[in-house]
Amino acid sequence: MSLLVVGLSHRSAPVSVLERASLPTDARIKLLQDTLAAEPATEAAVLATCNRIELYADVDKFHAGVAELSTLLAQHSGVGLEELTPYLYVHYEDRAVHHLFSVACGLDSMVVGEGQILGQIKDALALGQELHTAGRLINDLFQQALRVGKRAHSETGIDRAGQSLVTFGLEQLAVGVPVEEWAADKRALVIGAGSMSSLAATTLARLGVRELVVANRTMERAERLAAALSESGTVEARAVSMSDVPAELALADVAVSCTGATGLVLTAEAVAAALAEHVVPGASSAADLRAPEGSVVARLAALAARDGRVAELPGGADDLAGLPGVDRVGGPGAPAQGDSGSAGAAPAGGGAAGAVADSAGVNVAQGAEDALPGGAAGAECPVGLDDSLTQHGAWATGGSRLPRKARTGALTAPGNGPARLALLDLAMPRDIDAAAHRLAGVRLVDIESLAEASADAPMAADVDQVRSIVSDEVAAFGAAQRAAHITPTVIALRTMAADVVAGEMARLEGRLTGLDEKQRAEITQTVRRVVDKLLHAPTVRVKQLAGEPGGAGYADALRTLFDLDPEAVASVSRADLNDADVKNRGRV
């Protein structure tokens, strides 16, 4: 039997294909069950993360195994085999071992050196053990992969080369600002309470967010995570249900989503609705942006409302009474807007009115200041603007700036000005509608954008050292597996020898009936020692030779030379496999 892996990852397939091929838990279970039901495979495990889907199996035929595993992946992922095949990679025997060990060390991750893949490998093994699809080979392989990954992180500086996908995503949201500075004093919403969401919540708390809200379908899990974060003393955390997400999103500065949902958790419409209700701490209310009631600005706005140019403000068009020549302002026949400057106070008043009218979409006629009595230089303003022109001008200028004011540490949404809401989508398939990135005030980072950004991420010098560790561990694992492969044959040989000793002692007792117990025991021990000494050197040597490349043939030679019953060897293998399953089941 030989190890085979068939899979696809961010290195071999576009994110759009990975997203469609993602496997929820129930699909993984069915895939494992169907893999064992297929003829070429005797044990299997599925490693499915946000950027890879891999099926590991112990098969007896390479080509048949590749065909069967590829077909099963296509069936359970929902992506047609013809479409999926160009993106699949295949690794066999030592190359398959090398691949998994590299994955465990973070060398094949989207963010080189990230350590969360170890938890995902552990989960894959636990699922295989729970379903009894992980036999001796899969158990040994995944257990060793976990040890190799831990060794790489403890003996090298691979952690300096990379970070968690969460941290990398947050750095992309921070767009050049130190992530600690960017996250400080923000309100954060984490959707989901699984391993990735928990990591996101912990990371945000460590970075110093002011408030953290956890939303999850299972309220109990959300409450446990929020309680753990609050007890750490780093952040004020609370749990909410999924029905509260729209309201919490309107309060949040940053939201991270990673759930197991098969559909969108946040649509573009939901994000837009949250933005419309978005609360900006310290910002002035909408009422503060209105012109003082009864002022010329308010009256001009009322005129525009009457003509259907903007929504009517409190006070209505009746406030226009008493403005001579008002029919010349913003009317259907009004000329195009132009300079309204002339000497004296009237031009200043006209400029203030023009600024606000223009910001509201109102066309103010050139020379509109003539509509006001006393518009000439030095004339008295009849509507009481003499002492308040500066006030109105400041209001108009401030009013045009406030809506564009960004909070401290705000992002820049490409093409959309400052971002009021930062979204990080770590789910596969995606949780957040990709169309949300086109909304003004939103910056969205998802798996696809992370894959593009990671292509330019620098690799640490320690990567070469990790690769050396992986190569050494692959050689050691191969030698151990080849030696283990001959063990059932050696056990079967020793069992046969013990049976021969037992048979000969029974025959001797029939001939020498006068032997007492002490004599019988001494003769039995002597015969056993002779047999053990004769078998010791060849069995030790054959194990050593079997550990070398090409050593698998020694097991066949041993079976042939001693005429061992193939079923006896197979029964030892089955017992050994079951023992390994029992011993390893609780070790992940």
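Couple of notes before you dig in:
- Between the stretch 23-65 and the stretch 199-225, the alpha-carbon centres lie 33 Å apart.
- Burial order of peptide ranges 116-122, 45-51, 237-243 (average beta-carbon count within 10 Å, highest first): 45-51, 116-122, 237-243
- A protection proxy built from the mean count of other Cβ atoms within 10 Å ranks the segments 258-271, 521-534, most packed first, as 258-271, 521-534.
- Net charge of neighbours whose Cβ lies under 14 Å from the Cβ of D26, counting Lys and Arg as +1 and Asp and Glu as -1: 0
- Stokes-Einstein D (µm²/s) once Rh is taken as the Kirkwood radius of the stretch 70-169 over alpha-carbon pairs, at 10 °C in 1.306 mPa s: 106 µm²/s
- On the beta carbon distance between Q33 and T267, with R0 = 35 Å, the FRET formula returns roughly 0.55.
- Surface per residue (accessible, 1.4 Å probe) for the stretch 153-232, Å²: 42 Å²
- Inter-label distance for R511 and M219, nm, one decimal - labels placed 7 Å from Cα along Cα-to-Cβ: 8.5 nm
- Taking 31 Å as the limit for the C-alpha separation, the pairs K61/K543; K30/K186; K30/K122; K61/K150 exceed it in the case of K30/K186; K61/K150.
- Normalised Debye scattering of the stretch 25-73 at q = 0.13, 0.14, 0.18, 0.28 Å⁻¹ gives log10 I(q)/I(0) of -0.26, -0.30, -0.49, -1.08, counting only Cα atoms as equal scatterers and leaving out solvent.
- Residue separation of A557 and I523 scaled by 0.36 nm, minus their Cα-Cα distance, works out to 9.1 nm of gained length.
- DSSP-assigned coil residues among trypsin sites (Lys or Arg not before Pro) in the stretch 23-106, each with at most 14 further Cβ atoms within 10 Å: none
- Accessible carbon and sulfur surface of the stretch 71-144 relative to its total accessible area, %, 1.4 Å: 48 percent
- Sites matching chymotrypsin sites (Phe, Trp or Tyr not before Pro) across the stretch 1-110 that sit in DSSP coil, with at most 14 neighbouring C-beta atoms within 10 Å: none
- Scoring 179-187, 492-500 by mean Cβ neighbours within 10 Å over their residues and listing the highest first yields 179-187, 492-500.
- Accessible area (Å², 1.4 Å probe, nearest 10) - I486: 0 Å²
The values are calculated or read from the model by the stated rules, or taken from the named source; none is laboratory data. Here the structure is a predicted model, which means the values were calculated and not measured. Positions of Cβ are backbone-derived with ideal geometry, glycine not excepted, and every protein chain shown enters the neighbour counts. Each accessible area value is taken on the protein alone, full model and side chains, heavy atoms only, with ligands, DNA and RNA left out. Shrake-Rupley method; radii C 1.70, N 1.55, O 1.52, S 1.80 Å.
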